[in-house]
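Engineer: Dumping the structure here so I can ask a few things about it.
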Amino acid sequence: MSTKDEGTSSQSQAFDVLFLANFVHQVVNPLNGIAGTLDNIADGVYKGDDIKRKANSARGQLEACIGLVRNLAFFSDISSSTAVSREPNTGVISILPQVVIESAQFYQDAAAERKIYIELSDKTTQYALRARPEAIKQVFMNLFDNATKYADTETTVTIVPTISKNKTLSVAVSSTGIGIPGNDLDRIFDLSYRSASAKNSKALGSGIGLFICRRIMNDFIGGTISAEHNGRTSVTTFTLKFPQERWFLR
């Protein structure tokens, strides 16, 4: 192995160790919090409505851990040498709005705690997406996870599907919150990268969620995901685009 190859390998290993350490930190901290909450409930520390409130908070933390582990499973799958580079256009389909509703349910408690509402603009039109439901759900779950953590309280996360002239189905997920600095927009889909505004917030993050979104959309579906932020309105929008061969009206 050349010196250059050895250097690249060492950097990769160091990156893997840092990524794993960050990931474990993001999982262990909430689990410790859950354990503490359960101990306090069992010891009678909380009374009345506080019991339900603390239990709901623990549930939200547990769901966050589940989301992180699910992302790691996807990461392992798409990083393996046997991973399929592109799903076929036929076979299993996902139904919009069903996948949106099911994905949002994972975060309804955490969102309700911050008075954040998830709203699909069109609840009747059924768009059939030629892709595994669990993959599409993972994309929306990661976007809703971000919105729940980084959106302003008492705001609404909107999901708006549109069809372009070239028959591309676009699904825009918008929220008002901390925003993404312009120089971070091109990097937020990189593995382990977190924007400056995300790091400055109190919310925990692993830097894997948006990376998974991009891998699923680009490599498995042949679509795209992009982000933009309006500094004047503080609205951040993630746009998913599915090419014509990947969807149809049901």
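The values are calculated or read from the model by the stated rules, or taken from the named source; none is laboratory data. Just so it is clear, the structure is predicted and the values come from calculations on it, not from any experiment. Every residue, glycine among them, receives a Cβ derived from its backbone with ideal geometry; neighbour counts consider all protein chains shown. Side chains included, ligands, DNA and RNA excluded: accessible areas come from the protein's heavy atoms. Shrake-Rupley method; radii C 1.70, N 1.55, O 1.52, S 1.80 Å.
Engineer: Need at least 1 residues that are touching a Phe, Trp or Tyr at 6+ places or on another chain (Cβ under 6 Å), more than 28 Å from residue 73 (Cα to Cα) and in contact (Cβ under 8 Å) with a residue 24 or more places away in the chain per element, so show me which strands (runs of 3 or more DSSP E) inside region 94-198 make the cut, counting only ones lying wholly within it.
Structural biologist: Here the list reads 156-163.
Engineer: So is residue 45 on the phi < 0 side of the Ramachandran plot, assigned to a helix (DSSP H, G or I) and at pLDDT 75 or above or not?
Structural biologist: Against the criterion (on the phi < 0 side of the Ramachandran plot, assigned to a helix (DSSP H, G or I) and at pLDDT 75 or above), residue 45 does not qualify.
Engineer: State all residues of region 220-250 that are touching a residue at least 40 places away in the same chain (Cβ under 8 Å) and open to solvent by 50 Å² or more (accessible area, probe 1.4 Å); if no residue qualifies, say none.
Structural biologist: Scanning region 220-250 gives 228, 229, 231, 233, 241, 244, 245, 248, 249, 250.
Engineer: Among what's in region 106-151 and is within 25 Å of residue 211 (Cβ to Cβ) and charged (D, E, K, R), pick the residue that is modelled with the lowest pLDDT.
Structural biologist: 134
Engineer: What are the residues in region 127-175 that are open to solvent by less than 40 Å² (accessible area, probe 1.4 Å) and of a type in the set (Val, Ile, Thr), if any?
Structural biologist: Of everything in region 127-175, those that are open to solvent by less than 40 Å² (accessible area, probe 1.4 Å) and of a type in the set (Val, Ile, Thr) turn out to be 136, 139, 148, 155, 157, 159, 168, 171, 173.
Engineer: Can you confirm whether residue 89 is modelled with pLDDT under 90 and outside any helix (DSSP H, G or I)?
Structural biologist: Taking the combined requirement at face value, the residue satisfies it.
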